[in-house]
Amino acid sequence: MRNLSLFISLGLVFGLRAQSGALITALGGNEANTAAAFGMANQPASVFQEKYRAGLWMQQRFTGTNINNGGFCFATKAANTTFGADMAYRGTTHFNSTGVHISVAQQFNPNFSAGFSVGWSGIRQDPGYDRPGRLTGKIGTVFRMNEKWDASAVIINPWLQQDAYFSENPAAAISIGYISNQNTKIWAQFRYSSVDEAIYGIAFRHTVAKKLHFMGALQSGPEPISAGVEFIKNNIGIALSSRYHAQLGFSPSLGIHWLSK
């Protein structure tokens, strides 16, 4: 049973890694999408107006399995600089990965910001197997072209060599956003990974009411559809979402975040 658990974890968790939060799940898993920023865990260049942000998230990777993901984050803003920290776990009892990162971003002007995250990611598995760890992180940038258009990019672990066994590999993500009307924003997205196929897609976020938002994405690859809903009251936001895998089914995700001005 342990060997079976190890095999499943290798094939599912690390071949199809999940990012942080229910919002990024709903928006197709693209780290560069600014609306999917979970603190600074996904896009380290993300800036925000609040003084503090904090949150936690949980996900079952494919309904009916014991593959679980979860984590928490915190970020704060001082003048034009933001600082963040996050921790994430994913895997099973016999094979899992934990990552801890800190992030720093600078808003150089109202239209441009850049930042980075750096930390450590390691694999834990049953006795008798190696438990490797590596220095991991991201470099990100956000550029606002005008009132309707913006672009964002993230480079992930550019210093690492490709290793399909390890949970973190070189990757990059790009997102171009357009505000189509007062309530709707859409994105064209692209994600490249050294071990997985390139993913192209579109995503949207629609405000139904001041406190209620719908999100979704259509894209290439093994998980073509994702969707979610977010409810915001006072300073608390609760998001529920899921991505659908063509062979393995749904991956429900819950995210809770707190904002403070």
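The values are calculated or read from the model by the stated rules, or taken from the named source; none is laboratory data. These numbers come from a predicted model, not from an experiment. FYI the Cβ positions are ideal-geometry reconstructions off the backbone, even for glycines, and counts take in every protein chain you see. Calculation scope for accessible area: heavy atoms of the full protein, side chains included, ligands and nucleic acids excluded. Shrake-Rupley method; radii C 1.70, N 1.55, O 1.52, S 1.80 Å.
What is the percent of Cα-Cα separations in the stretch 148-233 that go past 16 Å? The share of Cα pairs beyond 16 Å in the stretch 148-233 comes to 62 percent.
A dipole drawn for the chain from +1 and -1 charges on Cβ atoms has a positive end, and of P222, T25, S97 the residue lying farthest that way is T25. Taking the Cα centre of the chain as reference, the dipole from Cβ charges on Lys and Arg (+1) and Asp and Glu (-1) amounts to some 660 debye.
The stretch 56-113 and the stretch 212-261 have their alpha-carbon centroids 15 Å apart.
Using only the Cα atoms, what convex hull volume per residue in Å³ does the chain have?
On the way: hull volume 29.1 nm³, N = 261.
Hull volume normalised by residue count: 111 Å³.
For the chain, the residue among M87, Y200, A54 whose Cα projects farthest onto the positive side of the dipole built from Cβ charges is A54.
Please calculate how many Å² of accessible area the chain carries per residue, with a 1.4 Å probe and no DNA, RNA or ligand atoms counted. Each step should come with its number before you reach the end.
On the way: 12450 Å² over 261 residues.
Using a 1.4 Å probe on heavy atoms only, each residue of the chain averages 48 Å².
Here N181 and R124 are evaluated by their C-beta separation; at R0 = 35 Å the FRET efficiency comes out at 0.15. log₁₀ I(q)/I(0) of the stretch 54-153 at q = 0.16, 0.18, 0.22, 0.25 Å⁻¹, via Debye over equal Cα point scatterers, no solvent, to two decimals? Here the Debye-derived log intensity ratios amount to -0.83, -0.94, -1.13, -1.25.
Solvent-accessible area assigned to carbon and sulfur over the stretch 100-240 amounts to 65 percent, based on a 1.4 Å probe.
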